[in-house]
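> Structure provided below as structure tokens; questions to follow.
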Amino acid sequence: MSVKDNLVSVKDNYDDEYWMRQALQLAVRAQSAGEVPIGALLVLDDRVIGEGWNSPIMHHDPTAHAEIMALRQGGQLLANYRLLHTTLYVTLEPCMMCAGAMIHSRLRRLVYGAADMKTGSHEPRLNLLCHSAANHHIEVTAGVLAETCAALLRTFFRQRRAQQKALKLSHE
């Protein structure tokens, strides 16, 4: 079922934690496919208009990050590359590429879970989303369900390291 088929207008305003839990479910999809478990959900007026999970390995596409996939889907649904008044929920702080796409899409708001100290594009490292030279600034809420989001990533990478170690030992 596509997001377009599943558009439901919601009478109650859901909070950031509700939407982040939905993004976490998408991250689990990525993990099930052997991808880094990151999920993203694009919301407009309390309805999901785009969703994505990391899939660069599956798609052979270095741009197939969860955020990009959700933005693409939202743009297709709205028939517009400007995603005004939307909020993107993502389980991990976006990278520079994804931050650039968000700025160009004129996203209103970003909500993310875990901080990414290596490649994250928000404070205190780069702060691209609010940079004075950018032609659009995005309201950012950081740390929503941060520990839950970070734990999913830690578990994934711990398992991946164990698999790699076992593979290495089997070849010795």
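> Can you name the number of the only condition in (1) under 23 Å from MET20 (Cα atoms); (2) open to solvent by less than 80 Å² (accessible area, probe 1.4 Å); (3) in contact with a His (Cβ under 9 Å, 6 or more places away or on another chain) that THR155 fails?
With respect to (1) under 23 Å from MET20 (Cα atoms); (2) open to solvent by less than 80 Å² (accessible area, probe 1.4 Å); (3) in contact with a His (Cβ under 9 Å, 6 or more places away or on another chain), THR155 is out only on (3).
> From the set of residues in the range 45-92 that are more than 10 Å from the chain's Cα centre (by Cα) and polar (S, T, N, Q), which is farthest from LEU24 (Cα to Cα)?
In this case the residue turns out to be ASN80.
> Pull up the range 107-117, narrow it to residues that are assigned to a loop (DSSP other than H, G, I, E, B) and open to solvent by 10 Å² or more (accessible area, probe 1.4 Å), then point me to the one that is farthest from TRP19 (Cα to Cα).
Here the residue is MET117.
> What's the total number of residues in the range 60-106 that are surrounded by 24 or more Cβ atoms within 10 Å (Cβ to Cβ), aliphatic (A, V, I, L, M), touching a residue at least 60 places away in the same chain (Cβ under 8 Å) and under 15 Å from GLY50 (Cα atoms)?
1
> Exactly one of (1) assigned to a helix (DSSP H, G or I); (2) open to solvent by 30 Å² or more (accessible area, probe 1.4 Å); (3) aliphatic (A, V, I, L, M); (4) in contact with an Asp or Glu (Cβ under 9 Å, 6 or more places away or on another chain) is unmet by LEU169. Its number?
(4)
> Same structure again: Would you be able to tell me the number of residues in the range 118-152 that are over 14 Å from the mean Cα position of the chain (by Cα), within 20 Å of LEU71 (Cα to Cα) and either aromatic (Phe, Trp, Tyr) or not in a loop (DSSP other than H, G, I, E, B) (or both)?
The total comes to 4.
The values are calculated or read from the model by the stated rules, or taken from the named source; none is laboratory data. Model, not experiment: these values are computed from the prediction. Neighbour counts run over all protein chains shown; Cβ positions are idealised from the backbone, glycine included. We work out accessible area using only protein heavy atoms, side chains counted, and drop any ligands, DNA or RNA first. Shrake-Rupley method; radii C 1.70, N 1.55, O 1.52, S 1.80 Å.
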